[in-house]
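Student: Before I ask anything, here is the structure I am working with.
The values are calculated or read from the model by the stated rules, or taken from the named source; none is laboratory data. Remember, it's a predicted structure, so these values are computed and weren't measured experimentally. So basically every Cβ, Gly included, is an ideal-geometry build from the backbone, and we count neighbours across all protein chains shown. Heads up: the accessible areas ignore ligands, DNA and RNA and are worked out on the full protein's heavy atoms, side chains in. Shrake-Rupley method; radii C 1.70, N 1.55, O 1.52, S 1.80 Å.
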Amino acid sequence: MRLKIRHRTRYVFDHPVSYGLQQIRKTPKSTHQQVVYDWTTRVAGGRKELSFEDHHNNIVELLSFERDATELVVTSAGEVELSNTNGVVGRHIGPAPLWLYRQVSARTRPGPAVRALTRAAEGPSDIERLHALMKLVSGAVAYEVGTSHSDWGAEEALTQARGVCQDHAHVFIACAREMGFPSRYVSGYLMLDDRVEQDAMHAWAEAHVDGLGWIGFDPSNGISPDERYVRVATGLDYADAAPVIGMRVGGTGEALDVEIEVAQQ
Amino acid sequence: MLGKTANGLFWMYRYLERAENTARLIETGQRIALTRLHDSDAEWRSILQSAAVCEGYDAVHDSVTKEAAIDWMLRSRDNPSSVMSSVAAARQNARVVRTALTHEVWEAMNGTYMRVKDRLARKVSERDLPSALGAIRQRTAFVRGATHGTMLRNDIFNFSRIGTFLERADNTARILDVKYYVLLPSVMAVGSAVDNVQWETILRSVSARGGFRMEYGSSIDPRDIARFLILDKRMPRSLAFGVAAIRKNLNHLVADYGSRPPSFGMADHIERSYLSYDIDAIFDYGLHEFIQKVLSLVEELGRQIEIDYRFYE
Amino acid sequence: MEHEGIFDEMWGRDGVLREPYARFNAWFEGEDPKRLRAKQREAEELFRLTGITFNVYGRAEAEERLIPFDIIPRIISAQEWQKLSRGIDQRVRAINAFLHDIYHRQEIIKAGRIPERLISGNEAFLPQMIGVSPPGGVYTHIVGIDLVRTGPEEFLVLEDNARTPSGVSYMLENRETMLQMFPELFSHNHVQPVQNYPRDLLRSLMACAPQTASGKPTVAVLTPGIYNSAYFEHAFLADQMGVELVEGTDLRVVDGRVAMRTTRGYKPIDVLYRRVDDDFLDPLNFNPDSRLGVPGIMDVYRAGGITIANAPGTGIADDKAIYSYMPDIVEFYTGEPPILKNVPTWRCSEPEALAYVLDHLDELVVKEVHGSGGYGMLIGPTATKRDLAAFRKKLKARPGNYIAQPTLSLSTVPIFSRTGLAPRHVDLRPFVLVSPDGISTTPGGLTRVALKKGSLVVNSSQGGGTKDTWVLEE
């Protein structure tokens, strides 16, 4: 399946930004289940300072605001050819050692709720236990847009019993790590069958199983990613894989407008 | 050079100059008080005004007394322009720009701070005041001497000088601003005893009694005082001298950096349009209005220099 | 002069003058103590005027204190130094190899020479450094190795300082002061010079410039500012190298580089000798509340646009938990037995060690794994019963947080006290420069001396002083 993706983020400020930076992770990489064609990032109201690959092997670009900008528009676009691997991403490449993905991170810190859910995840094999966990997560955290906070961790989402894909991923990761599996957060695009326009990027999780390597789990949809899923960035949790991390001086009164189109070619 | 360094040099020398000027104003006030020809408390108020520290003083004092005024100007840590605060601020800036200073200048500055802090640790009695003030002037002169004797004549020196002369021009203009009325033409051909004291005060507060006498003899004509303090280019504390010095230093920067930013034009404009005429033209313009105009132009010039040379972001 | 069982570097254990001090002693005996006392005061005045002070944390912001300077030099013979510097060279080579390995393939863990949890559970490990190969392959451009001596031949490493070792300005100013006050001493004694350090430092930093640097690399020193305890040293080094002393507010990312705001506009920096801790270095990537750092500098670093000296994440090599593995680390990477020994160390994270430490608390020195500056440590033999009990609790609560070492009988060197020469305990921090061209240790270093009789604490923050350190020519 070949997808055409266009992601445009527009910031408008009441007061000009005298100085600011944005670190963006919006560029997918070619892997054995996806091939990326003609991916571009265009910036208006700012400029691309540099790009590099981070310790999770993500492509990162650093943007700066133009002096006294009142508007910044970042448009990423390109096409991705996908194949279905039933969620199998493959062996660990690095550069980070596998043990790093066993580490507890700020948003995946386990508490009683995470531990309880972990205990409930049973199955005869690693894969089956993880699938059981995925089902438990979707059952425990109701998908409700706009009710969770972006700084919630796994434990909060579980206690509040609601959230979005980000929260599902965090809960899954926290539990999988409790179970002893290296696990990571994935941010990316998901083609929806019924529409082209989308409100936000998608997020899911991956766990590492000896012998199989990394395997994807999308608790929000209860499946392992197929050829509709485009992997963009990974990390220990949202903070590592977030599409945008920024700082700025000035630029109060921000209004944000996001347009995402994911269409099958 | 870092913009921050230019800023630090500028303020180090401004504060050093301020410390010296404030010490001189205190000396002048003390001197007038001794003549007892005048209402001494009112005189202290005008001294406070000349030092631009009156508002701060009034905020924590009910009335002006000699003792309180002296302490406020000399030692108070609550007064950011007191001699003590100024010397501390000069030294703090010197620490920031230490890599731009010669060893001699840094040690002179640090030694000045240590000595002044020592001398002003406790309230200074009337008896000790002259020697304390003398020591302060000596120490600041010491830093200036080290500056002249050891610093390269590069942009570091230019920013130091610009700070010095901006502060000095501001100080002289302020003294004139507070006392302009005693310099206005009067129907009396000869000044009263009170006028004589006032004129003396003005000359003293810019260390110009000797210089004035050298140029104009011992009879004092207020018009001559105004001319001397505003237009005389040989008088190192006159407005014309100060602005010319700023313009010259800016000119060095223009040549050094190969660009001519707005501040140079502004200094040039102040010099040509306000400080190149004769004193009659200034009295025609209105002495008070003139002083106020120059004060605001000099202030604006200072701000433009900060922008042109990226003192801050 | 001699102390029971304690090795004095001037008088040995038996009160017989040791060879390196022979000429010094001849001079000293001919001196009038009154004149020396006056010189001692003169030295202090000189330090105060020069502003060689350090700020004390937790006190009024402007409080600046002098580190007391003692005029009796600490003297090391050429042979002693040769062995020392070979040992230091070996250790620093191993530290750099270790850092490269830890941030890449982690062979040492795979080989089972150190446990994975030593790294994975360590806050000094900086994930953002994974996969980074710093320009010139150098992680620790400047290293300070803290040594103690317990006998004529026994030098032990007490601590490695691989982050931002400080104190080098005292090494230089102490020598400068001695040269000014006692020029005649230096014509009788042939002392190896230390004054080339700033020039060597600059050369070594320039040699590590990134490939993006064109022409002569631009170097700058990054300081947290005038309120930092080591501000004097930051200004001193920038001044001596003839480079800019910058603060975070002077810097920003411009055209993909880190650039400093000058009176003529932004100018890119190739090598930043930073004296700001990792956590505060980049508010975009690390502590977002930091006002001391440069947003985006890590991005520029990963993109190869700047050299940061020392590299971020080098703390993983000088952590006290790692310290106890240093002999293995040296052997693993150099294939040689370590020349310099460690002080025997009990890792309280290991149950057997913990049991031993709890049983012998009154004989041991217990340190926090992540602590420095002598804070948060227990010196068993001088501790009160209450101190011991309190520490015992802390130890049991978080054993992994502590290591313990025997109280060593540290060597002494005389100080010039009111009553003449008096022995006091010392340590030594030599400074090591690393560049692609090699490793060099300045002959000498910073000798810290405990001024209180019998005290083992030499830290300046706790009342220690310093001495000039002489390494004699052969």
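Student: May I ask which of C:393/C:453; B:179/B:233; C:396/C:467; B:117/C:467; B:233/B:293 have a Cα-Cα span longer than 27 Å here?
Tutor: Checking Cα-Cα distances, C:393/C:453; C:396/C:467; B:117/C:467 exceed 27 Å.
Student: Per residue of A:53-64, what is the mean number of Cβ atoms on other protein chains within 10 angstrom of that residue's Cβ?
Tutor: That average works out to 4.
Student: So, with +1 on the Cβ of K and R and -1 on the Cβ of D and E, and no other charges, what is the size of the charge dipole of region B:4-308 about its Cα centre, to the nearest 20 debye?
Tutor: With Lys and Arg at +1 and Asp and Glu at -1, about 1140 debye.
Student: Here is a further query. State the answer as a single residue: which of B:199, B:252, B:236 lies farthest towards the positive end of the charge dipole of region B:191-274, with beta carbon charges of +1 for Lys and Arg and -1 for Asp and Glu, about the Cα centre.
Tutor: Final value for the positive-end residue is B:252.
Student: Another question, if that's okay. Note down the nm distance, to one decimal, between modelled labels 7 Å out along Cα→Cβ at residue B:104 and at residue B:214.
Tutor: Output for this residue pair reads 2.4 nm.
Student: Listed highest first by mean packing, meaning other Cβ atoms within 10 Å per residue, what order do C:360-366, C:442-448 come in?
Tutor: Ranked from most to least packed, the peptides come out as C:442-448, C:360-366.
Student: Another question, then. Roughly what would the spin-label model give for residue B:303 and residue B:153, points 7 Å off Cα along C-beta, in nm?
Tutor: 3.4
Student: Going by average Cβ density within 10 Å per residue, which order do the peptides C:218-225, A:122-129, A:29-36 take, highest to lowest?
Tutor: C:218-225, A:29-36, A:122-129
Student: Ok, one more. Taking every pair of alpha-carbon atoms in region B:159-313, give the share separated by more than 18 Å as a whole percent.
Tutor: Values: 6835 of 11935 pairs.
The calculated P(r) of region B:159-313 puts 57 percent of pairs beyond 18 Å.
Student: From the mean inverse distance of alpha carbon pairs (Kirkwood) and the Cα radius of gyration, derive Rg over Rh for the protein assembly as shown.
Tutor: Numbers: Rg = 34.9 Å, Rh = 33.5 Å.
My calculation puts Rg/Rh at 1.04.
Student: Another question about this same structure. Distances over 15 Å make up what percent of all Cα-Cα pairs in region B:237-285?
Tutor: So the portion of pairs separated by more than 15 Å is 48 percent.
Student: While we're on this one: Just to check I understand the Karplus step: with θ = phi - 60° and J = 6.51 cos²θ - 1.76 cosθ + 1.60, what whole-Hz values come out for region B:95-105, glycine and proline as x?
Tutor: Each residue of region B:95-105 in turn: 5, 5, 9, 3, 5, 8, 9, 6, 4, 4, 5 Hz.
Student: Nearest 0.05, what FRET efficiency do residue A:92 and residue C:86 give at R0 = 41 Å with Cβ-Cβ as r?
Tutor: The computed FRET efficiency comes out at 0.50.
Student: Which net charge results for the neighbourhood of residue B:279, defined as the other residues with beta-carbon distances under 12 angstrom from its beta-carbon, given Lys and Arg at +1 and Asp and Glu at -1?
Tutor: Values: positive: B:223, B:227; negative: B:221, B:224, B:232, B:278, B:280, B:284.
Once all neighbours under 12 Å are counted, the net charge is -4.
Student: Grab the other residues whose beta carbon is less than 15 angstrom from that of residue A:165, score K and R as +1, D and E as -1, and report the net.
Tutor: -1
Student: OK, next. How far, in nm, would the chain grow between residue C:382 and residue C:133 when pulled straight, counting 0.36 nm per residue and subtracting the alpha carbon separation?
Tutor: Details: separation 249, 0.36 × 249 = 89.64 nm, distance 4.60 nm.
Between residue C:382 and residue C:133, full extension yields an extra 85.0 nm.
Student: Moving on to the next point. At R0 = 51 Å, how high is the FRET efficiency between residue C:66 and residue B:285 if r is their beta carbon distance? Nearest 0.05 is fine. Please list the in-between numbers first.
Tutor: Working: r = 57 Å, r/R0 = 1.12.
With R0 = 51 Å, the Cβ-Cβ based efficiency is 0.35.
Student: Convex hull volume of the Cα atoms in region C:294-412, per residue, in Å³?
Tutor: 179
Student: So, with +1 on the Cβ of K and R and -1 on the Cβ of D and E, and no other charges, what is the size of the charge dipole of region A:88-241 about its Cα centre, to the nearest 20 debye?
Tutor: The calculated dipole for region A:88-241 is roughly 460 debye.
Student: Treating only the Cα positions of chain C as identical point scatterers, give the base-10 log of I(q)/I(0) from the Debye formula at each q in 0.07, 0.08, 0.11 Å⁻¹.
Tutor: So the normalised log intensities work out to -0.37, -0.49, -0.95.
Student: A follow-up question, please. Just need log10 I(q)/I(0) for region B:4-308 at q = 0.07 Å⁻¹, Debye formula, equal scatterers on the alpha-carbon atoms, no solvent, rounded to two decimals.
Tutor: -0.27
Student: Within region C:414-447, what residues put their amide N at less than 12 Å from the label point 7 Å along the Cα-to-Cβ vector of residue C:181?
Tutor: Taking a point 7 Å out along Cα→Cβ of residue C:181, the residues of region C:414-447 whose backbone N falls under 12 Å are C:416-417.
Student: Sticking with this one: Whenever you get a sec, compute what percent of the accessible area on the protein assembly as shown sits on carbon and sulfur atoms (1.4 Å probe).
Tutor: Ligands and nucleic acids excluded, carbon and sulfur reach 49 percent.
Student: Tell me, what HN-Hα J-couplings in whole Hz come from the Karplus equation 6.51 cos²θ - 1.76 cosθ + 1.60 at θ = phi - 60° for each residue of region C:150-160, using x for Gly and Pro?
Tutor: 10, x, x, 10, 9, 9, 10, 7, 8, 6, 9
Student: On full extension of the chain, what length is gained from residue C:393 through residue C:356, given 0.36 nm per residue of separation minus the C-alpha to C-alpha distance?
Tutor: Gain on extension, residue C:393 to residue C:356, equals 11.8 nm.
Student: Could you give the Stokes-Einstein D for region A:88-241 in µm² per second, using the C-alpha Kirkwood radius, 10 °C, 1.306 mPa s?
Tutor: Values: Rh = 15.1 Å.
Here the translational diffusion coefficient equals 105 µm²/s.
Student: Which positions within region C:202-245 get 50 Å² or more of their accessible surface covered by the other protein chains, compared to the chain by itself, with a 1.4 angstrom probe?
Tutor: The answer is C:226, C:231, C:239, C:244 - residues whose exposure falls by at least 50 Å² when every protein chain is included.
Student: Give the interface area between chains B and C as buried accessible surface, both sides summed, probe 1.4 Å, in Å² to the nearest 100.
Tutor: Protein heavy atoms only, the B-C interface buries about 2500 Å².
Student: Under the rule of at least 5 residues apart or a separate chain, name every residue whose amide H is placed under 5 Å from the amide H of residue C:417.
Tutor: Those qualifying (amide H under 5 Å, at least 5 residues apart or on another chain) are C:422.
Student: Another question, then. With every protein chain left in place, what is the accessible area per residue of the protein assembly as shown in square angstrom, probe 1.4 Å?
Tutor: The answer is 41 Å² per residue.
Student: Among C:425, C:114, C:219, whose Cα sits farthest toward the positive end of the charge dipole of chain C (+1 at Cβ of Lys/Arg, -1 at Cβ of Asp/Glu, about the Cα centre)?
Tutor: Checking the options against the dipole of chain C, the answer is C:219.
Student: From the Cα gyration tensor of region B:186-270, with a ≥ b ≥ c the square roots of its eigenvalues, which class applies: rounded if a/c is under 1.5, or else prolate if a/b is larger than b/c, or else oblate?
Tutor: Prolate, because a/c is 1.5 or more and a/b exceeds b/c.
Student: Okay, moving on. Just to check I understand the Karplus step: with θ = phi - 60° and J = 6.51 cos²θ - 1.76 cosθ + 1.60, what whole-Hz values come out for region B:161-171, glycine and proline as x?
Tutor: The phi angles translate into 5, 4, x, 4, 7, 5, 5, 5, 4, 4, 5 Hz.
Student: To the nearest 20 Debye, how big is the dipole of chain C about its Cα centre, given +1 on the beta carbon of each Lys and Arg and -1 on that of each Asp and Glu?
Tutor: With only Lys, Arg, Asp and Glu charged at Cβ, the dipole is about 720 debye.
Student: Please compute the modelled spin-label separation between residue B:66 and residue A:116, points set 7 Å along Cα→Cβ, answer in nm with one decimal.
Tutor: 8.3
Student: Right, something else. Which cross-chain or sequence-distant (5 or more) residues have an amide H under 5 Å from the amide H of residue C:125, H modelled 1.01 Å from N in plane?
Tutor: When sequence neighbours closer than 5 places are left aside, there are no close amide H contacts.
Student: Mind checking A:82-95 for the average number of partner chain beta-carbons within 10 Å of each residue's beta-carbon?
Tutor: That works out to 1 on average.
Student: If you count, for every residue in C:45-51, the Cβ atoms of partner chains within 10 Å of its Cβ, what is the mean?
Tutor: Per residue, the average neighbour count from other chains is 4.
Student: While we're here: Working out 0.36 nm times the residue gap between residue C:153 and residue C:49, then minus their Cα-Cα distance, what length gain in nm do you get to one decimal?
Tutor: So the extension gain works out to 33.5 nm.
Student: Right, something else. Take the Cβ-Cβ distance between residue A:109 and residue C:113 as r, set R0 to 22 Å, and report the resulting FRET efficiency rounded to the nearest 0.05.
Tutor: Here the calculated transfer efficiency is 0.10.
Student: Residue farthest toward the positive end of the dipole of region A:97-141, with Cβ of Lys/Arg at +1 and Asp/Glu at -1: which of A:116, A:105, A:139?
Tutor: Going by the charge dipole, the pick is A:105.
Student: Under 5 Å between amide H atoms, partner at least 5 residues away or on a different chain: which partners does residue C:407 have, H built in plane at 1.01 Å?
Tutor: The list, which skips near neighbours in sequence, is C:365.
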